[in-house]
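Report on one structure; see the data block that follows.
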């Protein structure tokens, strides 16, 4: 294997593992507290939504348009649409498989606990693709920015998973294990996506749009509704904007 390709895959895998391990930060407070403010978790979700939206539109789409100028922009637009459809399809498929009961999770926490883990695991796949596409673009700073956004996103996601599982009687150590499990698709999918971008560089504008579409669908379909359930629209908008600003600043700091 080409040494440069091997380095790319290794860096991408390690970065995705770091994003996965950030889930532990969301579980950590529950070792010391019986509960965590739902308002705080919702605010973090809105911040993560803002960061992911900015990463999708400013960085992923922006980079795609730079590589596919003029009428070639249709490649990025097609990727956006198909990425959103991909995320929606995967989430729907997983939710329809209610007969699954890995490691007796359903027996311990009921169907609701299983569905939480299944849904969260499903939407980690496009997140892993986003990491791989970002590093596969050849811009390491770009990849770092995307990983940072996803790592922040993983913290409130882990809080949400832990809240749901603890409410169903799942022990805290199992909650930690399940939160890490839900993000396993990230280090699995990321190197594969980077490898595809390496082999088929002309597909990069489409790939960037695809990753952005999946992330945007996640933001609108999942993160923002979750936030609005616990905090008002003004606080959600403020947290979302703060997250977007932080992502743009981070992008400037790493040279994007």
Exercise. Does segment 115-124 contain at least one residue that is within 13 Å of the chain's Cα centre (by Cα) and at pLDDT 75 or above?
Worked result: yes
Exercise. Under 17 Å from the mean Cα position of the chain (by Cα), in a helix (DSSP H, G or I), closer than 17 Å to residue 223 by Cα and at pLDDT 80 or above, is that true of residue 41?
Worked result: no
For this session: Might you check whether a residue that is at negative phi and modelled with pLDDT under 80 occurs anywhere in segment 74-85?
Result: no
Exercise. Would you call residue 53 touching a helix residue (DSSP H, G or I) at 6+ places or on another chain (Cβ under 7 Å) and in a helix (DSSP H, G or I)?
Worked result: yes
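The values are calculated or read from the model by the stated rules, or taken from the named source; none is laboratory data. Just so you know, these numbers come straight off a predicted model, no measurement behind them. All Cβ positions, even for glycine, are placed from backbone atoms using ideal geometry, and neighbour counts span all protein chains on display.
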